[in-house]
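**Student:** One structure, as structure tokens, below. Some questions next.
A short reminder: the numbers here are calculations on the coordinates, not readings from a lab. From a predicted model like this one, the values you see are computed outputs, not experimental measurements. Here the Cβ is made from the backbone with ideal geometry for all residues, glycine too, and neighbour counts use every protein chain on show.
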Amino acid sequence: MIWDVDVRRVFEQAGRRFELQARFAGDARRLVLLGPSGAGKSQTLKIIAGLARADAGHVRLQGRDLQDSARGLNLPARERRLGYVFQDYALFPHLTVRQNVAFGLAGGWRNPPRQLAHPELTRWLQTLGLSELAEHYPEQISGGQRQRVALARALVGAPQALLLDEPFAALDSPLRRRLRQELLGLLQGLDLPMLLITHDEEDAEALAEQVLRMDQGRLL
Amino acid sequence: MQEAWVPLLLTLKVAGWATALNLLLGVGVGFALARLRFPGRELLDALLTLPMVMPPTVLGYYLLVLIGRKGPLGAWLQAEFGITLIFTWQGAVIAATIVAFPLVFKSARAAFEGVDPQLEQAARVLGLSELAVFFRVTLPLAWRGILAGLLLAFARATGEFGATLMVAGSIPGKTQTLSVAVYEAVQAGQDATANVLVLVTSITCIVVLLSAGRLAPGRVAGGGLAR
């Protein structure tokens, strides 16, 4: 089974209580979690990635346990080997496109050098059409290009699954349509499960093998 | 020029050490205050800011009480290690460090708070340990703000007078820094000496402030802090 997720968390803030309960399992290679903002999609994705805490539950991807509160297991985000594309891409502003993409390839306390050459780096820069932009900084490139950098950065380390948080929300709609097709083409060439969260029905139509609807902290 | 040379070098030595110590202390405390949630955090911030608003002579007096020959820390250092801090250049370093400390930790805190936590999360997902996240993302993005604070601290330490005089005194060639030397020269009616000293001090401070201004966040395109 690819996805096996069952997580719970209660948020309490300023007297308001929000209960998140996300349970799904299945073999869809492209899973889309669809729902209005505030439904708890983002938190669910963050919990899966190990970026947010769950009160209880388990996350198992392709048979690999990432967390299981019953057994006291909770891998930190850095050990989960997941590709994650943030909503506004979270590119490192102090690093070039090349350094951003290579970020996960360099271990240790120092950022990858500006001239780093690495076969995987070259491959992903080429695949996503970023070779010409490699020496630019994130603020010097367009929104669509930034999204490709974020994708390349997430994929270069050969992750176990790709998680995307509203990856098209920051783009205008013609570009959105084009990039959906690009992402779909990319994923079909890779043997990589994807979980995408969005509030946009069109994202789900274009990309999903299976759609899960979420509202007020629950899957419907 | 001879009369300005010795105190200038001593001043730069004292201010340099005070700045180096504040690099460690100020960045550490600034980071802790920016990132750790604990009760009394703002109270601690206010207490640590006191050296900026209290009269330097009051600070000097506190220091005398603490590290003086009869003070608890001073007596212990003397008994255990034979170290005396009072009336030494090291004493002047301690006074300058404390006076300049708020400038560094406040800048560092603001700079760390200006770093988007999502960038640190992105680095974690990409496999980095917490220390690697700090050195590869947080510190580079906060660095300009911290550096601006350090330069202000250096300027403040260069001009430090009250606490230094109380703790280190005014021993020519040993603890007499520029600002203390100016005071002594004026008291002794040596106007020519005072003029040279004042000029040298002013130029030093202007150079430091110009450097700090160039590094201030918002003025630098491509700086990490503005975002």
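**Student:** At a temperature of 37 °C and a viscosity of 0.692 mPa s, determine how fast chain A diffuses translationally according to Stokes-Einstein, using the Kirkwood radius over alpha-carbon pairs as Rh; express D in µm²/s, rounded to the nearest whole number.
**Tutor:** This corresponds to a translational diffusion coefficient of 182 µm²/s.
**Student:** Among DSSP bridges having both ends in chain A, what percentage is antiparallel? Round to the nearest 5.
**Tutor:** 60
**Student:** Gaussian network model of chain B, Cα springs within a sub-10 Å range: biggest mean-square fluctuation belongs to which of B:Ala20, B:Ala79, B:Ala212?
**Tutor:** Maximum among the listed residues: B:Ala79.
**Student:** A further question follows. Of the beta bridges DSSP finds with both residues in the protein assembly as shown, what % are antiparallel, to the nearest 5?
**Tutor:** 60
**Student:** Near A:Lys46, which lysines are there with a Cα under 21 Å away, not counting those fewer than 8 places off in the same chain?
**Tutor:** Within the straight-line limit of under 21 Å, A:Lys46 reaches no lysines at all.
**Student:** Right, next: Tell me, what is the Rg over Rh of chain B, with Rh the Kirkwood radius over Cα pairs?
**Tutor:** Using only Cα positions, Rg/Rh for chain B is 1.04.
**Student:** Do me a favour and compute the ellipsoid semi-axes for the range A:123-194 from its Cα gyration tensor, root of five times each eigenvalue, largest one first, whole Å.
**Tutor:** Its equivalent ellipsoid spans semi-axes of 18, 16, 11 Å.
**Student:** Could you list the trypsin sites (Lys or Arg not before Pro) in the range B:1-78 that lie in coil according to DSSP, counting only those with at most 15 other Cβ atoms within 10 Å of their Cβ?
**Tutor:** B:Arg37, B:Arg69, B:Lys70
**Student:** Next question. Are there chymotrypsin sites (Phe, Trp or Tyr not before Pro) in the range A:21-103 that DSSP marks as loop and that have at most 13 other Cβ atoms within 10 Å, and which are they?
**Tutor:** Counting only loop positions with at most 13 other Cβ atoms within 10 Å, none of the chymotrypsin sites (Phe, Trp or Tyr not before Pro) in the range A:21-103 qualifies.
**Student:** Let me have the relative contact order for chain A, percent, based on Cα pairs under 8 Å that are six or more residues apart.
**Tutor:** Relative CO of chain A lands at 31 percent.
**Student:** Any chance you could give the angle, 0 to 90 degrees and rounded to 10, that helix B:41-53 forms with the longest Cα principal axis of chain B?
**Tutor:** 30
**Student:** With chain B treated as a Gaussian network of Cα nodes joined by springs under 10 Å, which of B:Ala192, B:Ala18, B:Ala100 yields the largest mean-square fluctuation?
**Tutor:** Evaluated over chain B, the most mobile residue of the options is B:Ala192.
**Student:** What does the average come to when, for each residue of peptide B:113-125, you count the partner chain Cβ atoms lying within 10 Å of its Cβ?
**Tutor:** What the average comes to for B:113-125 is 6.
**Student:** Also, quick follow-up: Would you list which lysines come within 23 Å of B:Lys174, measuring only between C-alpha atoms, while excluding same-chain residues fewer than 8 positions from it?
**Tutor:** Straight-distance partners of B:Lys174: B:Lys13, B:Lys70.
**Student:** Please compute one quarter of the surface area of the Cα convex hull for the range B:88-192 and express it in square nanometres. List each step's numbers first, then the result.
**Tutor:** Working: hull surface 33.4 nm².
Its Cα hull, projected and averaged over all orientations, spans 8.3 nm².
**Student:** What value does the range B:1-83 have for Rg/Rh, both radii from Cα atoms and Rh as Kirkwood defines it?
**Tutor:** 1.08
**Student:** Compute the angle between helix A:173-189 and the longest alpha-carbon principal axis of chain A, please, reported from 0 to 90 degrees and rounded to the nearest 10.
**Tutor:** Taking the Cα atoms of chain A, the angle to A:173-189 is about 90 degrees.
**Student:** Considering Cα pairs under 8 angstrom that are at least six residues apart, work out the relative contact order of the range A:1-97 and quote it in whole percent.
**Tutor:** Result for the range A:1-97 is 27 percent.
**Student:** Please express the Cα-Cα pair-distance distribution P(r) of the protein assembly as shown as a list of whole percents, one per 10 Å bin, running from 0 to the bin with the greatest distance.
**Tutor:** Reading the bins upward from 0: 4, 17, 22, 19, 13, 11, 9, 4, 1, 0.
**Student:** Further, regarding this structure: For the range A:167-205, state which GluC sites (Glu not before Pro) are in a DSSP loop and have at most 14 other beta carbons lying within 10 Å of their beta carbon.
**Tutor:** Of the GluC sites (Glu not before Pro), not one in the loops of the range A:167-205 has a Cβ with at most 14 other Cβ atoms within 10 Å.
**Student:** Also, I was wondering about something else. Given 4 °C and 1.567 mPa s, how large is the Stokes-Einstein diffusion coefficient of the range A:54-175 in µm²/s, with Rh as the Kirkwood radius over Cα pairs?
**Tutor:** The estimated diffusion coefficient comes to 83 µm²/s.
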